[in-house]
Amino acid sequence: MTIAECASDEPYSTQIGPFGKALMASEYTTSGVPVLRGVNISQGRFLDGSFVFISDEAADRLDKYESFPDDVLLVHKGTLGQVGIMPRVRKHDRYIMGNSMLRVRCNTAKLLPEFLYYWLSSGEGQHYLYSRMSQVGVPQLQTPLRTLREAVLSVPPIDVQQRIVAVLGALDDKIELNRRMNRTLESIVRAVFKSWFVDFDPVRKKMEGKTGGELGLPPDLAALFPNSLAPSVAGPVPTEWPVLTVGDIASLDKGVSYKGDFLQDHGLPMVNLGCFGPDGRFIVEKLKRYSGDFRIRHTVLPGDIVAANTDVTQKRLVLGRPAIVPQAKSAERLLFSHHVYALRFREDADYLRQFVFFWMQTPLYRERAEGFATGTTVLGLPKEAILECPLLVPPRALVGAFNEVTDALRRLRMARDGEVECLREIRDSLLPKLLAGTGL
């Protein structure tokens, strides 16, 4: 059956977002009704944030573009092929589709929205979409709504669909649970970093005359913090903590300038702009494979810090973002592209690796990276934006105590990451078999 045949009988059950003058960027506001964009769907997840908004009056005018729970959402322009489902539990009462979105509202007597989601996410569904992509300019479907409506898929009976969705959904639920636990671990570490090295909470408590248990730290750890602040180029900092620059402890290498012809399904994994997520998250699924020539300086090891030096948007969300290189199953080393810097720490400063990673997520660094952006359409970040940035360096013993916290949580995170990778492989191997009816 075609998707059009499986869609609900109600009006606008298959719908493309507003285009042209129907919704102008000048109508965006800082609050109101959120507008769905490509950034709100990533790897099958609905990301309920990072919105632009329109007024209630504008949303009323555009009500045929409203998305309701269980709508299957598809990005047809930009991050082409991303698929998600509008959740039943949402932060906002209403959502309006943006101009890069498509929607299907299923006739659930024929087709479950979860089944359609899995088909669109499968190799068959993705091949169908990419085979109809425009070859000029921004990646996009040539005739988005017609392409969606004419897609043909095998539609098993509803009870079979339910069994397939139950198997794949259980795997996805466990993957998402692991991701949430990892995000919780990361938020704990960021909170500790901010308290110790940004807000200087233990120092300020000492300045208030608090001691012992009032500091909330073991005595030997509390003793590592001074009881006063001193002026510096970075503002008031704990007494006797020097302010250096990143260039005093590390250098930067730029990655391989690659040719698209060598991006294939074999070769070394290559870190690229797609690997940089918010809050320092490394998106393993976005690694590419590169089979061309490179030099050893174009490679990194697990645990190395990389940073994006390019951003194709004006929002500067990726520019300067750090990430920690993960362990790759198929290679000891990973390549990194020319859109990426690798930090090379001096041997006597390597203990600062984790500290610098979290420091590169602070407002001080983010403001500097965004302010040093060069270019008009594609933004670039010069090396001096990082190397000449002031860096507060706490005592080695205190950084060591912080490293103990991060190492313990990192081991837990890596264990869950390995489990996620295993679950993803199981899901991806089952997906085509179940959809073809051979895995039941």
- Could you list all residues from the range 361-376 that are outside any helix (DSSP H, G or I), in contact (Cβ under 8 Å) with a residue 12 or more places away in the chain and out of contact with any strand residue (DSSP E or B) (no Cβ under 8 Å at 6 or more places or on another chain)? Thr362, Phe372
- For the range 77-85, state whether one or more residues are in a helix (DSSP H, G or I) and either within 25 Å of the chain's Cα centre (by Cα) or in the same structural domain as Val35 (by TED's automatic domain parsing) (or both). no
- Of the candidates Asp9, Asp48, Asp56, the one satisfying the condition of being of a type in the set (D, E, K, R) and touching a Pro at 6+ places or on another chain (Cβ under 9 Å) is Asp48
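Does at least one position in the range 337-344 carry a residue that is in contact with a Pro (Cβ under 9 Å, 6 or more places away or on another chain), without any contact (Cβ under 8 Å) to a residue 40 or more places away in the chain and not hydroxyl-bearing (Ser, Thr, Tyr)?
no
A quick yes/no check of all residues on (1) among the small types (Gly, Ala, Ser); (2) closer than 19 Å to Thr362 by Cα; (3) touching a Phe, Trp or Tyr at 6+ places or on another chain (Cβ under 8 Å):
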| residue | (1), (2), (3) |
| --- | --- |
| Val165 | no, no, yes |
| Lys194 | no, yes, no |
| Asn227 | no, no, no |
| Ala250 | yes, yes, yes |
| Asp265 | no, no, no |
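Of the residues that make up the range 296-306, is at least one of a type in the set (Asp, Glu) and at pLDDT 90 or above?
Yes: the range 296-306 contains one or more residues that are of a type in the set (Asp, Glu) and at pLDDT 90 or above.
Starting from residues that are over 29 Å from Gly255 (Cα atoms) and either surrounded by 15 or more Cβ atoms within 10 Å (Cβ to Cβ) or in the same structural domain as Gly320 (by TED's automatic domain parsing) (or both), keep the ones in the range 400-415 and report whichever is modelled with the lowest pLDDT.
First pass over the range 400-415, keeping only residues over 29 Å from Gly255 (Cα atoms): 400-402, 404-405, 408-409, 412.
From what is left, the residues that are either surrounded by 15 or more Cβ atoms within 10 Å (Cβ to Cβ) or in the same structural domain as Gly320 (by TED's automatic domain parsing) (or both) are 401-402, 405, 409.
Numbers: Ala401: 94, Phe402: 95, Val405: 88, Leu409: 85.
Among them, the one singled out is Leu409.
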- Query: So Leu440 fits all but one of (1) under 28 Å from Ala328 (Cβ atoms); (2) at pLDDT below 90; (3) surrounded by fewer than 13 Cβ atoms within 10 Å (Cβ to Cβ); what number is the exception?
  - Reply: (1)
- Which listed residue, of Val52, Val72, Val39, Val89, is within 22 Å of the chain's Cα centre (by Cα), closer than 30 Å to His127 by Cβ, surrounded by fewer than 22 Cβ atoms within 10 Å (Cβ to Cβ) and among the aliphatic types (A, V, I, L, M): Val39
- Query: If you take the residues in the range 100-143 that are buried (at least 20 other Cβ atoms within 10 Å of the Cβ) and more than 29 Å from Gln162 (Cβ to Cβ), which one is nearest to the chain's Cα centre (by Cα)?
  - Reply: Ser100
- Task: Name every residue in the range 5-27 that is crowded, with 16+ Cβ neighbours inside 10 Å and either among the aromatic types (Phe, Trp, Tyr) or touching a residue at least 60 places away in the same chain (Cβ under 8 Å) (or both), in order of residue number.
- Result: Cys6, Ala7, Ser8, Ser13, Thr14, Gln15, Ile16, Gly17, Pro18, Leu23
- Residues in the range 166-191 that are buried (at least 17 other Cβ atoms within 10 Å of the Cβ) and over 30 Å from Ile426 (Cα atoms) total 1
- Message: With the structure loaded, tell me whether Val198 is touching a residue at least 24 places away in the same chain (Cβ under 8 Å), farther than 30 Å from Pro226 by Cα and of a type in the set (Val, Ile, Thr) or whether it fails that test.
- Response: no
- Item | Hits in the range 260-319 - residues which are closer than 15 Å to Phe336 by Cβ and of a type in the set (Ser, Thr, Tyr) | Tyr290, Thr299, Thr310
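The values are calculated or read from the model by the stated rules, or taken from the named source; none is laboratory data. For clarity, every value in this text was computed on a predicted model and none was experimentally measured. A quick note on method: Cβ atoms are made from the backbone with ideal geometry, for glycine too, and the neighbour counts reach across all protein chains shown.
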